[in-house]
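Here's the structure, in structure tokens; my notes come after.
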Amino acid sequence: MTARADRGHGRASRVAVGALALGLLAALSWAVLSLPGSFDGLTGPALGRLSESGVTNPVTAVLLNYRAYDTLLELAVLLLAIAGVWALRRGDWPAGDLHGRPLVISLLRIALPLLTLTAGYLLWIGAFAPGGAFQGGAMLGAAALLALLSGRAVCARRHTGALRAGLVLGVLVFAGAAGGAAALTGEILRYPPGDADVWILGIEAAAIVSIGLTLGALYLGGRPGDRHA
Amino acid sequence: MPEASPTLYLLAGALLFAIGFHSLLVQPHVLRRVMALNVMGVGVFLLFAALAARTRGETPDPVPHAMVLTGIVVSVCATGLALALAHRLEAAEEEEREDESAGDGRQARAEHEETDR
Amino acid sequence: MIGPLVDLLLLLLIVLLAWRALNGRDLLRGVIEFIAMGLLVAVAWVRLRALDIALAEAAVGSGLTGALLLSALHRMRRREVRRRDRTDGGEG
């Protein structure tokens with residue numbers, strides 16, 4: 001499956017796949033267009049109990065309260081992905097060739113603090129407005145990317161322990177919160193009434209670190225360790 | 001802001017899904033296949049968000065939004081993993097080809113010298 | 001009237017970019033078209049009042065995926081150049 005290999009899918013099979021795709025298009029269009037034009041779904045219940053959920057942003061409420069278990073599993077998927085990538089490859093250092101270019105340091109001086117600040121802002125505002133741990137984590141991932149590209153992240157080669165701790169932090173804290181909630185209220189991920197906002201913020205704070213590190217590590221594309229690791 | 005009609009977005013989502021599906025099966029290059037998977041994903045997300053926009057009130061349905069958010073993150077994880085896998089796969093194929101060519105390299109070189117330029 | 005027109009234009013562009021990214025000639029151009037498509041999809045999320053998704057799509061769906069693809073493309077090109085150099089050296 002290299003770049004030049006198997007150029008030839010015969011004409012017949014291309015036509016067959018095209019027909020299949022058109023059939024899929026027709027079936028999918030018919031299926032979704034035959035649904036009712038106005039449908040509330042779960043909006044009613046979701047918005048109805050928003051006051052108890054600890055946040056005001058309904059999407060955050062769904063992600064970290066109503067369907068918190070799904071988000072826990074999603075953090076686990078992030079961890080699995082980076083574990084898989086690390087098992088497959090060694091990351092290529094240097095990750096970029098911007099090192100030594102004159103304007104890069106100035107860019108980093110402005111961009112990295114700004115990205116970190118924006119990430120923190122999105123983390124906080126996610127309870128009331130569009131935002132949250134994922135969006136903030138994306139900002140941190142972008143910061144990690146810039147650091148990698150400019151050669152400033154080479155320190156990650158030596159501090160793999162801290163990197164690994166950061167990668168698992170999200171899942172650990174979330175799972176710990178699930179267990180803690182179970183101990184306090186008898187059901188996993190049922191936050192104690194009235195304190196849900198604090199629990200959610202704590203979980204999101206750990207998650208944002210993990211998400212940012214995972215996205216940056218995905219870009220590196222492999223184990224960061226030293227040559228002889 | 002004028003209302004967006006979900007119908008157009010539903011059709012676009014279905015179309016993107018079909019285009020991605022077609023390219024996934026037809027394109028030989030692994031990078032295009034990874035992009036095709038991503039395009040299929042975007043199509044599905046458009047479908048979800050368009051379905052979520054059909055609410056009678058002001059706020060769209062938050063549950064599909066949350067699902068799409070999860071889906072985007074899982075998508076990028078899958079893409080990262082797929083690219084690492086593709087890299088290893090190509091390395092393994094290269095090794096295999098080198099072993100083969102080293103084995104019959106001597107014979108091939110002898111034949112090559114006969115028909116030399 | 002203006003609403004559906006904007007939507008139609010936006011979606012036509014998205015579908016066109018997706019088609020060209022997947023079925024075009026040059027792979028590098030294809031990846032860039034993919035990134036551009038991702039950004040337009042972020043606008044589509046805004047049109048559908050899905051602002052949380054818009055934030056995530058612009059950064060992660062389009063930006064990071066595009067960066068991953070570009071990085072992989074660079075690695076493949078570099079490997080091809082190395083392979084070509086090696087075979088040329090062997091025959092030389």
Row for the protein assembly as shown, column shape: gyration tensor on C-alpha, a ≥ b ≥ c, rounded if a/c < 1.5 i.e. under 1.5, prolate if a/b over b/c, else oblate; value oblate
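Is chain C rounded, prolate or oblate when judged by the Cα gyration tensor, a ≥ b ≥ c being the square roots of its eigenvalues, rounded requiring a/c under 1.5 and prolate requiring a/b larger than b/c?
Details: a/c = 7.61, a/b = 2.53, b/c = 3.01.
Cα axes put chain C in the oblate bin.
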Helix C:65-91: inclination vs chain C longest Cα principal axis, degrees, rounded to 10, gives 20 degrees
Taking Cα atoms, the helix C:2-23 axis meets the longest principal axis of chain C at an angle in degrees (rounded to 10) of 10 degrees
In terms of the charge dipole of chain C, which places +1 on Lys and Arg and -1 on Asp and Glu at the beta carbon, the residue among C:45, C:66, C:28 farthest towards the positive end is C:28
Ordered by fewest other Cβ atoms within 10 Å, a rough proxy for footprinting exposure, B:23, A:34 read A:34, B:23
With 0.36 nm assigned to each residue of separation and the Cα-Cα distance removed, residue A:42 to residue A:155 gains 36.0 nm
Treating only Lys and Arg (+1) and Asp and Glu (-1) as charged, each at its beta carbon, one finds that the range A:42-220 has a dipole about its Cα centre, in Debye to the nearest 20, of 700 debye
Label model pair residue C:83, residue C:32: point-to-point distance (7 angstrom along the Cα→beta-carbon line) in nm is 2.5 nm
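Name the helices (complete DSSP H segments) of chain A with a Cα length along the long axis of 24 Å or more and a Kyte-Doolittle mean of at least -0.5, or state none.
Helix filter hits for chain A: A:11-33, A:68-88, A:102-125, A:160-185, A:196-220.
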In debye to the nearest 20, the charge dipole size for the protein assembly as shown, taken about the Cα centre with +1 at each Lys and Arg Cβ and -1 at each Asp and Glu Cβ, equals 660 debye
Taking alpha-carbon centroids only, the range C:39-60 lies from the range C:62-90 a number of Å equal to 31 Å
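Given an 8 Å cut-off on Cα distances and at least 6 residues of separation, report the relative contact order of chain B as a percent.
Details: 85 pairs, mean separation 24.6, N = 117.
RCO, chain B: 21 percent.
If you filter the range B:12-90 for trypsin sites (Lys or Arg not before Pro), then keep DSSP loop positions with at most 10 other Cβ within 10 Å, what is left? Don't skip to the answer; put the middle values down first.
Working: sites: B:32, B:33, B:54, B:56, B:88; in loops: B:54, B:56.
The qualifying sites are B:56.
State to the nearest 20 debye the size of the charge dipole of the range B:6-114 about its Cα centre, where the only charges are +1 on K and R beta carbons and -1 on D and E beta carbons. The partial results should precede the final answer.
Values: 8 positive and 14 negative charges, 230 e Å.
Rounded to the nearest 20 debye, it is 1100 debye.
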With DSSP loop assignment and no more than 15 other C-beta atoms within 10 Å, the trypsin sites (Lys or Arg not before Pro) in the range A:84-168 are A:158
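With the Cα gyration tensor of the range A:150-229 giving a ≥ b ≥ c as the square roots of its eigenvalues, does the rule (a/c under 1.5 for rounded; else a/b larger than b/c for prolate; else oblate) give rounded, prolate or oblate?
prolate
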Label model pair residue A:70, residue A:97: point-to-point distance (7 angstrom along the Cα→beta-carbon line) in nm is 4.4 nm
Helix B:62-103: inclination vs chain B longest Cα principal axis, degrees, rounded to 10, gives 0 degrees
Exposure-ranked with fewest Cβ neighbours within 10 Å first, A:107, C:48, A:78 stand as A:107, C:48, A:78
The exposure ranking of A:117, A:201, A:28, fewest beta-carbon neighbours within 10 Å first, is A:117, A:201, A:28
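Since every read-out is calculated from the coordinates, none of them should be taken as a lab result. The structure displayed is predicted, hence computed values, not measured ones. Note that we place each Cβ from the backbone using ideal geometry, even for glycine, and neighbour counts take in every protein chain shown.
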